[in-house]
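The values are calculated or read from the model by the stated rules, or taken from the named source; none is laboratory data. Note that the coordinates shown come from a computational prediction; the quantities given were computed from them, not determined experimentally. Cβ placement follows ideal geometry from the backbone for every residue including glycine, while neighbour counts extend to all protein chains displayed. SASA here: full protein model, heavy atoms, side chains in, ligands and nucleic acids out. Shrake-Rupley method; radii C 1.70, N 1.55, O 1.52, S 1.80 Å.
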Amino acid sequence: MSAEASHSRNGWEETLTNEQEAVVNADAGEALSVIAGAGSGKTRVIVARASRLIAQGIYPVLLLSFSRAAAEQLRHGLGKCVQQRTAVPEESKFEVSTFHALGLRILRSCTTKVLLQKTGRSTGFSIFSFPEQSNIAQEVLRELGKEGS
């Protein structure tokens with residue numbers, strides 16, 4: 001990263017580099033990908049950008065991460081920034097999730113709608129852990145073995 005920008009702000013926008021500042025201040029419609037090493041300030045940049053968009057009245061904002069820990073850091077940081085900047089309830093302004101949790105929520109939502117239309121039931125599907133998957137596969141194979149005899 002380049003030399004530190006000499007811009008001092010409150011919270012998550014303190015001491016951003018020139019590259020980080022460019023990401024935070026990029027046009028609202030511009031899709032951005034922040035790729036950097038550990039400890040380089042990715043969370044700070046993402047929180048500062050989302051906070052800036054929300055302060056400009058551009059929301060809801062969706063922030064996605066791979067880990068629950070990173071999602072929690074984003075949620076906490078953005079919650080603090082939004083609370084300090086505006087009077088609109090923070091829940092209406094942003095959603096923070098992991099890719100997997102968002103995918104699961106979409107699948108559950110779509111599955112529920114389809115099941116209600118087709119069967120009148122609203123229960124969806126289950127996600128099995130690896131041991132559960134293994135047990136079910138073994139049970140199916142046993143059943144198939146009995147039928148084939």
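Screening 38, 28, 69 for residues that are of a type in the set (Gly, Ala, Ser), part of a loop (DSSP other than H, G, I, E, B) and open to solvent by 60 Å² or more (accessible area, probe 1.4 Å) leaves exactly one candidate, 38.
The residue that is farthest from residue 80 (Cα to Cα), among those in region 41-60 that are open to solvent by less than 80 Å² (accessible area, probe 1.4 Å) and touching a Ser or Thr at 6+ places or on another chain (Cβ under 8 Å), is 41. Applying the condition of being open to solvent by less than 80 Å² (accessible area, probe 1.4 Å) and at pLDDT below 90 to region 137-149 and asking which residue is farthest from the chain's Cα centre (by Cα) yields 148. Scanning region 74-124 for residues that are outside any helix (DSSP H, G or I) and at pLDDT below 70 yields 86, 87, 88, 89, 120, 121, 122, 123, 124.
Only one entry of 39, 29 meets the criterion of being over 18 Å from the mean Cα position of the chain (by Cα), on the phi > 0 side of the Ramachandran plot and free of Cβ contacts under 8 Å to residues at least 24 places away in the same chain, and that entry is 39.
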